Each structure stands twice: as C-alpha cells, then as structure tokens.
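The values are calculated or read from the model by the stated rules, or taken from the named source; none is laboratory data. Because the structure is predicted, anything quoted here is derived from the model rather than measured. Cβ placement follows ideal geometry from the backbone for every residue including glycine, while neighbour counts extend to all protein chains displayed. Protein only, heavy atoms only, side chains kept; ligands, DNA and RNA dropped before computing areas. Shrake-Rupley method; radii C 1.70, N 1.55, O 1.52, S 1.80 Å.
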Amino acid sequence: MMRTVANALVASGLLLAPAAADSCQTPINHPGTAFSNVQPLNTTILDPYGHSPAVYPSPNTTGIGGWEEAMAKAKAFTAQLTLEEKAWMVTGQPGPCVGNVLPIPRLNFSGLCLQNGPQGIEEGTYSSVFVSGVSAAASWDRKLIYDRAYAIAEEHKAKGTHVILGPVAGPLGRSAYNGRSWEGFAADPYLTGVCMEETIIGFQDAGVQANAKHFIGNEQETQRNPTFDPNANATTYIQDSVSSNIDDRTVHEIYMWPFANAVRSGAASFMCSYNRLNGSHSCQNSWALNHLLKTELGFQGYVMSDWGATHSGVASIESGMDMTMPGGFTLYGEMWTEGSYFGKNLTAAVENGTVDMSRLDDMVIRTMTPYYLLGQDQDYPSVDSSVGPLNVDSPPDTWLYDWTFTGTSNRDVRGNHSVLIRQHGAESTVLLKNENGALPLNAPKSIAVFGNDAGPITQGAYNNVNYEYGVLPNAGGSGTCRFSSLSNPLDAITRRAEQDGALVQSWLNNTLLTTTALPDLWIGQLPDVCLVFLKSWAEENKDRDSLDLDWNGSAVVEAVATYCNNTVVVTHSNGINVLPFADHPNVTAILAAHYPGEQAGNAIVDLLYGKVNPSAKLPYVMAYNESDYNAPVTTAVQTNGTYDWQSWFDERLEVGYRHFDANDITPRYEFGFGLSYTTFSLSGLSGNSSASNLTALPPARDTMPGGNPALWETVYTIKADVTNTGGVAGYAVPQLYAGFPDSTPEGTPPSQLRGFDKIWLEAGETKTVTFDLMRRDVSYWDIVAQDWRIPSGAFTFNAGFSSRDFWANSTVVLL
Ligand code: NOJ
C-alpha cells in the first residue's frame, strides 16, 4: 500500500500543519501541460513541484558522524551565554570581514570571520589568486582539487578567516548563461559532487570551515532578489525573487546530489540561497532546510543566509536557518539598509515565547560545533587588519563594534603557492583543437600575439569590471580576488621566446584588429604562429546576454585567420562559448583556459611549448549554436504580480550533456572532451558485484551526515585497461557513463557520468582503472517510496574518454 511521506512525517511528529512560519508559500499553477498535476499544498510531499510543503520542527543536532566531542564543548559554551549573547551569535555584524560574528571576550571567544571566497581571498593583500572552480573541475583531478583547496585555506587561515564562503554547487550550470557558473564546478552533479567533497575536505584539513553554497536551486542571477519599492520601507517589495520550481526527482538526482557529497564530507556550514525554491524563499523553506538538509541528509552544521536572503525572523528560524548574514543589514533591492530580522527581534521572540530557547540553543550549538571540531579555539591567527578597509560588504564607516586588531597587518600568506597555481592553470586548460602539428610549438622564430586578453591588466588589481585591456584570470562579484601579482600571456611568451631568440610582436587592440587589414599593420613576413587571446566576462548579479566572446573576439579570430595560416586561439572564459571560427582551416588550435588565476601567462606558456601535456576535459558542453542549449535563464517577466517570477525546471533531468544526448543534438565539443599531445585507448572492461543479496531499496540504517550510509557503499566495480598509444607521456581521464534499465521511470537521461579517474601513463604504458559504483550511483530517486531505488533490468556501462567517445561497454543486471 502506498503511504505518502506526508503521512509518515505526520505520524512521526515531524510535519505540522503549515503554520504561519513559512509565510512565503505561494502555490503557483504550472502554465504548461507537462507537469500540470501540481499537488495541492499540504496533501503530500511526493512531488512538491511549484510549492513547498511545511516540515517542522527544525531537527536538533546530535553530533553524529564524529562531531560528538566538539558538540559537547559547543553545548558547554552555549550554556554560559546570556540570551542577548546567543542572539548576537547568530546575527552577523558589520566588521572587518565579509561576515562577522561578535567576540565575547569574557569567554575568550574572539568572534568569527567569514570571507569570500572560493578562488582566494577577496580582500587579500599579499595573497594568491588560485584557479577558479570551473578550472578545478576541468582538471578532473581529485588531488589537484584537494591541493588547491588546502592551499586556499592555508592562506585564509593565516589572514584570520574562520569560514570560507565556498565551495559552490549552486549554480550547477542549468543555464549556459549563468553569470556565476565559473565559481562552481561542472554542469553535472557527479563531477560537482566529487569537487565539493575534495574542496571541503581540503579546506577543513587546513583548519578552516567550509560553507557549501548556495542551497538550493540557485540557477540564475536575474531577479535573484526581490525588487523593492524605493518609496516604501525596506521590507515592501514589488516583485519577489525568482522561484526555481523543481520536481522532487530532479532535486535529488541533479541539484541536491553534490550537496549530499558536501554534507557527507563534513561541511561545517551551508548557505541558503537568494532564490525561492518551489514558491518559498530558500532561507525559510522548511522542506529544503528541515526536511532535505537536516533530516534526509543528516546535516549537523549550521545554515547561514546569503547576504540579505533573510526575509523573516521566526519563519526562517522555524524553517531551519541558523544564522543571518550580514545580520545588521537588510538587503533592499541591491542596496543595504539597517535593521535585522534577528538580533533584538530574536531576543524579543524568545522572551515572548514565539521562539523556543531550545531552538536558539541549537542554532548556537550548530555554529560552535565546527569551531571546536577544527580546533579554532586553539591559537587561531587573528584577523589581519588590512582586510577591513578593503571590505566592500561592510566598509569601516559602517562598523558599530569597536574592533581591535592584533598581529601583523598585510601578512604575506602566499608561501610557494604560485608553483601550484601555475601547474593547476596548465592542468585545467582544455585543448579543443590541434591540427597540422600546431602544438606544441617547436621553437618558432617569429610569433605574433593578438587580442585584448593577452597583456597586463591596466585597471588595478581588483577584478570587478569587464575591463577592455588585460588578461582575464578571474571574474566579477564576491568571487573576485585582489591580485598581488599576475603573470600575463604576452610577458610570459616574450620571456619564453627569448630562449629561441624569437621575434615577438603584439597587437592588443581588438577594434584596430577588426577594422584594419592585418598586412596594413606592418606585420612583415608571415609569423610562424599567430596567438590570439580572447576573453569572456561573467559576474555575480547578472547573467550573460550572449555566449559569444567579448570585445568582438570572434571577428578578431576571423581577421587574423584570414591572413595567418597557423592561428592558435586561447580563451579566458567562465566556460561556455560558441566558437564560430572553430572549423576555420587556418585556426589550427584552440585552448579553453577558463579562469586560471594569477599564473595565467606562465601556465599557458607551459602548454603551448609542451612543458605540460594538456589533460583537462570540458566540464560542460560547447554547442554549435546558442539555440542548442535548453533552459535559458528566465528573463523579462512582463506582468507585475508579486510572485510572477517563476522559473519552471521543465527540462527536469536534462541538464547539460543530458539534454544533448536525450535530444540527439550534436555538440561541437562534448562534455568530458579534451585533447592531449598523446593518444589513449581503453579495453578489457570487466565488472564485479561487491554486494550480496542486493535489495532495490537501501537497508534502513541510522542516518549519518550524507544520508543513509548504505547509499555510499560500493555495490558494483568495473575495471578497464587504459593504454597510452602515442609518443609522449601524459594523463588520461577515463570516464564511466551509466545507461539505466528500461524499467527506470520516464525522463531518465540516456547516459550519466558515474565514475572517472586521472592516470599518468608513460608512452606505451597500460594501467588498470577501477570505477567503484556506490548504491546511489545506480539508483534513481523514487518519489513514491521517497528513497533511492535500484531499478531492475540491464544497465549499460560505457567507458571511454568523453561523454561521446566510448571504447568499451558492458551490460549488467544488478537486480
Ligand atoms: C552574495 C553572494 O551570493 C555570496 O556568494 C557571497 O558569499 C555573499 N554575497 C557575501 O559577499
């Protein structure tokens, strides 16, 4: 007999009637036909597409998963706090860091410093700028991702950061136009899940708390926040933020998947997002926070709001949000105004009995447990005073508390990280095309460098505008960084070319290049190679208008390639671009260098000259046409109803390459694709069952961080032999894709990434790669059972070197 989860939760006392708490629930009927059977509110949570069922109360932390001892310390700390102190522990304050929790000197607690972001220290002086998230994902290299995270966290810690605001799994990359996809990893939950895991473990091994953000459905910047009436007060808005309306299966299999990895790897904190999810603000969405995150995934840390994403006090608290940021301010449009839903209002709510003290205690205990777990109470570096004046979120003239600083100012925290960043930059640059032996370069004697992305930045060290001149090693918004040093391609090429006594000349003005015939630029003899550097800007709070290269980049390539028969194009980009010049016969090589951080120039030189053999693979699809992509950002809502911004995720599981596969669209460069200076083959696929008496549903076990531990157990193992068939050593990235059995419900993508590895092979060498498939990898989310189910029938496992380059397969019946 079917038992709805709502009934089960009512029986267990977890689900209450939808009380006033989740005040923004707005069931909206789906306009189309595909999913018009939206469940009425509060009847079931089988498929909450377009509405958010209420799930209360917010579960208390138990410290499961090894946090018990730290939790006991956090409890002891909390027991010593006054009500006011507890309230301020969960209410941010303007101060030197992007987010600040006030010190409590009488308890020797020096407060918490929360800093952006995922690519380095936003306000850092004498700190490094690492490769971006999309770059890290493009490396497909677990060790690289871990090392990068560890090094980022070392620098943050030395500057006094307690919490790094990252890593990012939302946006995941539903839309090719998303302004922030470069901060996140891959348009695939599996790869993003691995990146989240390695990054969180790396951050926290170095002693700094991770913050998995932005939970959940944060897939566009457009209307991410409500629009406010400038003539009314700060809480009156004209139109609410966009609602990401996502069905239950898609939530689990796509958008929540990498966040499950985050919880499992021990993330200290989560950030709830700006958007609404199924009609209810993510930061007061009890289904998302109380049910999915804290109950189903067993999350033991604290949930903080994105900056200004709090739209209520009691409702947010009862829905599972534990800390409001920046706290003392409220977001008013994209403007900050004073006031807080927490702080004194929270004190009053506890005093008048609206919020139970036990809930506030849980909020504080959840906040302090990771602090003790990571030993942040022991000799932790003080906040470097130099970050304060650079803080754009709460500049010094907004500070209310008298912050005191100890320790050296302007600490140089870089160590030898530039070596790592140079290596990472090269290993996350994807070689898309290489013909006529164009690369690696063979001691060219005459080099021409073109494009406005080739040279130094001419507008300061803070990367927050789409400047015309200069290499683009990271992009705009809170993920931007301040450069202490930056290697640009032109300098690095010039230095390297000196070894060959080569002539290097450059033209960096795109306008000139597209309006003047190249021979008229006095180039002289045809250069041995023409290197064209182009860029593609992206930023927070704005989605991209186009997938073209900026500053007329494609026309620059056409102009150069018309004249030069060995044109090599390098892009610095957030990822997805249409490359109309890719088939031009004179365009002999193309490299997607993403946002490689401060060693951009040196890293590209290492690849161009073959010091490093390219090994990166696309973590997204490069299409022929913009119109080949689905799921455009929701824009230009013409009606003015308060809740009219609705983004229906009707493509469901067809995100990224899943859409191209399901609809038989040929990509220009597919997901997982990338060339090397050598070649590889794969053969001898064999499989082995690791579990006896496999059941369709996982055995019931006590929830641990990450959910039912049975989901993470290996149930089947596949092995294959990978051989380097070319003439030089290099990394191969074998990949495993699963085709689910016919019994799996409709809408299942034809092929889904379920394993990968990166292995070094000398020329001629063969190694065996092993893919361990966990129960979750071979299950779909059954919305009726509300559990992960292994379907009966035959799986097809394809192994190869991209999502479309399969070398061997095997058909396996698990059940
Ligand atoms: C808003 C962004 O969405 C978030 O990622 C960032 O950490 C905060 N602002 C703080 O700057």
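For the full complex of protein chains and a 1.4 angstrom probe, list GLU183, GLU539 by accessible area with the highest value first.
GLU539, GLU183
If one takes the longest principal axis of the Cα atoms in the chain, at what angle in degrees, from 0 to 90 and to the nearest 10, does the Cα axis of helix 417-427 lie?
It is inclined by approximately 70 degrees.
Taking trypsin sites (Lys or Arg not before Pro) that fall in a DSSP loop and have at most 16 other Cβ atoms within 10 Å as cut points, what is the longest piece of the chain between them?
4-444
Roughly how many Å² of MET363 are accessible to a 1.4 Å probe, to the nearest 10?
0 Å²
Cα-based Rg (one decimal) and Dmax (whole number) for the range 768-809, in Å?
13.3, 40
Report Rg(Cα)/(2.2 N^0.38 Å) for the range 625-695, keeping two decimals.
So the range 625-695 has a normalised radius of gyration of 1.86.
If R0 is 41 Å, what FRET efficiency do you get for GLU69 and ALA696 from their C-beta distance, rounded to 0.05?
So the FRET efficiency works out to roughly 0.65.
Going by accessible area, probe 1.4 Å, with all protein chains left in place, what is the ranking of GLU253, GLU318, largest first?
Order by accessible area, largest first: GLU318, GLU253.
5 Å is the cut-off here: which amide hydrogens, built 1.01 Å from N in the peptide plane, fall below it relative to SER385, excluding neighbours closer than 5 in sequence?
Answer set, sorted by chain and number: ASN410.
Counting DSSP beta bridges with both partners in the range 67-397, what percentage is antiparallel, nearest 5?
45 percent
Between the range 228-276 and the range 306-326, what is the separation of their alpha carbon centroids in Å?
What the calculation gives is 12 Å, centre to centre.
Would the range 48-188 count as rounded, prolate or oblate if I go by the C-alpha gyration tensor, calling it rounded below 1.5 in a/c and otherwise prolate when a/b exceeds b/c, oblate otherwise?
Verdict is oblate for the range 48-188.
Greater than 30 Å separation of Cα atoms is the criterion. Which listed pairs, LYS75/LYS159; LYS73/LYS143; LYS143/LYS542; LYS294/LYS719; LYS433/LYS611, meet it?
LYS73/LYS143; LYS143/LYS542; LYS294/LYS719
In whole Å, largest first, what are the principal axis extents of the Cα atoms in the range 611-763?
Per principal axis, max minus min of the Cα coordinates gives 63, 46, 31 Å.
How far, in degrees from 0 to 90, does helix 553-563 lean away from the longest principal axis of the Cα atoms of the chain, to the nearest 10?
The two axes meet at around 10 degrees.
How large is log10 of I(q)/I(0) for the chain at q = 0.06, 0.07, 0.10 Å⁻¹ when the intensity is taken from the Debye formula with one equal scatterer per alpha-carbon?
Treating every Cα as an identical point scatterer, log10 I(q)/I(0) equals -0.37, -0.50, -1.04.
Taking the range 519-608, which chymotrypsin sites (Phe, Trp or Tyr not before Pro) meet the DSSP loop condition and have no more than 16 other C-beta atoms within 10 Å?
TRP522
Using the C-alpha atoms of the range 67-397, what convex hull volume per residue, in cubic angstrom, is computed?
Convex hull volume per residue, Cα atoms: 123 Å³.
Please list the non-local residues whose amide H lies under 5 Å from the amide H of ALA268, H modeled 1.01 Å from N, same-chain partners needing a gap of 5 or more.
Here ALA210 satisfy the definition.
For the range 678-813, with every protein chain kept in place, what is the accessible area per residue (1.4 Å probe, Å²)?
39 Å²
Helix 189-205 against the longest principal axis of the chain: what's the angle in degrees, Cα atoms only, rounded to the nearest 10?
80 degrees
Would you mind getting me the FRET efficiency between THR82 and THR458? Use the beta-carbon distance for r and R0 = 45 Å, nearest 0.05.
That gives a FRET efficiency of 0.25.
Please label the shape of the range 417-620 as rounded, prolate or oblate, based on the square roots a ≥ b ≥ c of the eigenvalues of the alpha-carbon gyration tensor (a/c under 1.5 means rounded; beyond that, a/b larger than b/c means prolate, else oblate).
Cα axes put the range 417-620 in the rounded bin.
Restricting everything to alpha-carbon atoms, can you work out Rg to Rh for the range 678-813 with a Kirkwood hydrodynamic radius?
Across the range 678-813, the Cα-based Rg/Rh ratio is 1.03.
Which percent, to the nearest 5, of DSSP beta bridges fully inside the chain are antiparallel?
Percentage antiparallel, nearest 5: 60.
Could you state the number of Å between the C-alpha centres of the range 84-123 and the range 661-678?
Here the two parts' Cα centres lie 45 Å apart.
Multiplying the sequence separation of SER689 and ASP402 by 0.36 nm and subtracting their Cα-Cα distance, what value in nm do you get?
So the extension gain works out to 97.1 nm.
So what is the diffusion coefficient of the range 721-777 in µm² per second by Stokes-Einstein at 4 °C and 1.567 mPa s, using a Kirkwood Rh over Cα pairs?
98 µm²/s
Quick check: at a probe of 1.4 Å, how many percent of the accessible area of the range 417-620 sits on carbon and sulfur atoms?
That fraction is 49 percent.
Short version: ³J(HN,Hα) in whole Hz for each residue of the range 570-578, in order, from phi by Karplus 6.51 cos²θ - 1.76 cosθ + 1.60 (θ = phi - 60°), x for Gly and Pro, what are they?
Values, residue by residue: 10, 10, 10, 8, 5, x, 5, 9, 8 Hz.
From zero outward in steps of 10 Å, how is the percent of C-alpha pairs of the range 105-181 spread across the bins?
For the range 105-181, the binned pair fractions read 17, 43, 29, 9, 3, 0 percent.
Rounded to the nearest 10 Å², what accessible area does VAL242 show when all protein chains are kept and the probe is 1.4 Å?
Around 0 Å² of this residue is reachable by solvent.
Excluding ligands and nucleic acids, what accessible area in Å² is computed for CYS564 using a 1.4 Å probe, to the nearest 10?
Counting only protein heavy atoms, CYS564 exposes about 0 Å² to solvent.
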